[in-house]
Amino acid sequence: MNMRVAVCIVCTEESDEGVMAVCLRCGEWYHLNPYATRPGRDCGIATLGDEETGIDYVCNTCIEEVRIEMAQAQRRQNLIAKAEAEAKADAERTAPTAPPARTTSTPPRRRFRRIDQ
Ligand SMILES: [Zn+2]
Ligand SMILES: [Zn+2]
């Protein structure tokens, strides 16, 4: 049996390709224990994707990258949401539909005092 060996992108250790998988994201080999009943090394995951892709193979390195990207995207989203909320608050503050309650009543009329002398 011709054993092919690959280097894991995550832990950099060589192993038989039979206990490894290729990451769909970076295209590198990583440890993925194919036996549920036997102990083995897992340097990534295999998850059920959508119907087209079947199973998603993702190494731990890419999982971490995805996690960071998602965190950054979330942070960007939060900033955008915050900016939008502030812009909305600004717009509401200056909106013509909400006129400022002005209490400047007409100034009292000046009475002419006649001086009869
Ligand atoms: Zn590994
Ligand atoms: Zn990867």
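Summary of values
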quantity: CD proxy at 222 nm, helix term only [per DSSP H run n ≥ 4: -39500 (n - 2.57); per residue of the chain; nearest 500]; calculated: -10500 deg cm²/dmol
quantity: Chymotrypsin sites (Phe, Trp or Tyr not before Pro) restricted to region 1-57 and DSSP loop, no more than 16 other C-beta within 10 Å; calculated: Tyr35
quantity: Three-way shape call for region 5-59 based on the alpha-carbon gyration tensor, with the a/c threshold at 1.5; calculated: oblate
quantity: Built amide H within the under 5 Å cut-off of Leu24, gap 5+; calculated: Tyr57, Val58, Cys59
quantity: Point-charge dipole on Cβ atoms (K/R +1, D/E -1) for the chain, about Cα centre, debye to 20; calculated: 2160
quantity: Cβ-placed point charges (K, R +1; D, E -1), dipole of region 5-59 about Cα centre in debye, nearest 20; calculated: 200
quantity: Cleavage-rule hits, GluC sites (Glu not before Pro), region 1-85, DSSP coil, Cβ neighbours within 10 Å at most 14; calculated: Glu13, Glu51, Glu52
quantity: Anisotropy class of the chain from Cα gyration tensor, a/c 1.5 cut; calculated: prolate
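Taken together, the values in this text are just the output of simple stated rules run on the coordinates, not laboratory data. A quick note: this is a predicted structure, and the numbers were derived from the prediction, not measured. Neighbour counts run over all protein chains shown; Cβ positions are idealised from the backbone, glycine included.
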